1. Could you size up the charge dipole of segment 199-293 around its Cα centre, putting +1 on the beta carbon of Lys and Arg and -1 on that of Asp and Glu, and report it in debye to the nearest 20?
2. For ASP87, tell me the accessible area in Å² from a 1.4 Å probe, rounded to the nearest 10.
3. Which of the peptides 239-250, 376-387 is most tightly packed, and how do the rest follow, judged by the mean count of other Cβ atoms within 10 Å per residue?
4. Treating cross-link reach as a plain straight distance, find the lysines whose alpha-carbon is under 28 Å from the alpha-carbon of LYS390, omitting any fewer than eight places away in the same chain.
5. Pull out a ≥ b ≥ c, the square roots of the eigenvalues of the alpha-carbon gyration tensor of segment 1-158, then state rounded if a/c is under 1.5, prolate if not and a/b is larger than b/c, and oblate in the remaining case.
6. Distance in nm between label sites at GLU226 and ALA315, each 7 Å beyond Cα in the beta-carbon direction?
7. I'd like the Karplus ³J(HN,Hα) series for segment 255-265: coefficients 6.51, -1.76, 1.60, θ = phi - 60°, whole numbers in Hz, and an x wherever there's a Gly or Pro.
8. Give the cross-link partners of LYS254 among the aspartates and glutamates, using a straight C-alpha distance below 13 Å as the criterion and excluding same-chain residues fewer than 8 apart.
Amino acid sequence: MGTGPRDPRRAGGDPVNPIPFLRPQLPSLAEIDAYYRLAEEARFYSNGGPCERLLRTRLSDYLGGVGCVPVDNATNGIIVAVRATMDAAGTGDRPFVVLPSYTFVATAGAVRMLGYQPLFIDVEPGAWQMDGEALADVLSQRHGEVAAVLGTHTFGLPPSAAVQRRWQETCREYGVPLVIDAAAGFGAEDDTGTRTGRDQVAHVFSFHATKTFAIGEGGLVTTLDEDLLERCDALHSFGFASGRVATYAGINAKMDELHAASALAMLDGYDTVLGRRRDIAAFYREQLEPHGFAFQTGSAGGTWQAGYVAAPNAATRTAVLAAGAEAKVGVGAYYDRPVHRHPAYADAPVHGSMTVTDDLASRALALPMANDLSDEDRDRVVSVVIDAAKQVDAS
Ligand SMILES: *Cc1c(COP(=O)(O)O)cnc(C)c1O
């Protein structure tokens, strides 16, 4: 990697070695082929071929035993899981789906593609997760109008087990079903050491090239609820519950064999990948916390798609972004635009204040991350960030 004739660093002849924001790394073709030959031998390339079936078992084992439906991407997985959950709960005739605004636009896009109106709420300041009080408040005030709650695990990090339980209890109390967009969180652990996804509530993961579990395009829906699992399974394959009869009105969100083979290969090396990223993140934390940078509560159990951190204030974020551009260190501002401030969602209602969301949007940073980010590179990232922060402090 990085030494071929098309390497842009060499083509540019730049003396400073740039540190890209992300450097995705999928399994090698040889690793993928070791599984893909099962599909070739069977001449079975989609619709639940040998790789996809094996993947269901392996993913389930990895998560401690849970129903698994591999999908073609998380956005379609959310569409399938939300539809299935609302249908099972009988709430589909209500107009709104409640979700936090501090998320990726795909969460809201799925809601709109299902024909529902997003109803945005705030996050809380410690772990940057959906605010439990705002959730209870919106469900009490919009009683009978909310078809589902689409909670998120911000940057793939699960909230504490207690918070997850409270979300579920609040939704149960108001008779509204819950689905979780845990897109970046495959392999994440909460404060009790429990991996995300082994739950009655449907959880959706992304296997996009830029996620930590990277296969290009792909995803997963998990649930312990047998009825919900059957619905998700059917909905992701044209609504076929048995044979070629459409029991439900479904879509095609199936994972094909080549992606399933990639996912099997990814899973083989996944603990190493997670370990490396957690080490880099722990280094960022150790170095940056003394300078006023904040990390999500419980972030040690995260999957670290990028080095998520909040600058002490907006001026420092601006300075870090400028310093990163100058030093060719790929630093991003995630999420700098909450979903309710995107033009596509400007007409969607917001419930309560967005103080925490707007504050985080003004300060949040995403530092470079890669499975193979070198010690030298992570040192350079940290020194660029600290130098920029010191200059702001001194001014
Ligand atoms: C990445 C992401 C998605 C989209 O996942 P795809 O697999 O690309 O569809 C959805 N929601 C969140 C929060 C994400 O981070």
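The values are calculated or read from the model by the stated rules, or taken from the named source; none is laboratory data. Being a predicted model, the structure only gives us computed values, none of them experimental. So basically every Cβ, Gly included, is an ideal-geometry build from the backbone, and we count neighbours across all protein chains shown. Heads up: the accessible areas ignore ligands, DNA and RNA and are worked out on the full protein's heavy atoms, side chains in. Shrake-Rupley method; radii C 1.70, N 1.55, O 1.52, S 1.80 Å.
1. Numbers: 8 positive and 14 negative charges, 62 e Å.
So the magnitude is around 300 debye.
2. Counting only protein heavy atoms, ASP87 exposes about 60 Å² to solvent.
3. Taking the mean over residues of other Cβ atoms within 10 Å, the ranking is 376-387, 239-250.
4. Cα-Cα hits under 28 Å: LYS328.
5. The shape class here is oblate.
6. 6.2
7. With the stated coefficients, segment 255-265 comes to 8, 7, 5, 5, 6, 5, 5, 4, 5, 4, 5 Hz.
8. Straight-distance partners of LYS254: GLU52, ASP72, GLU217, ASP233.
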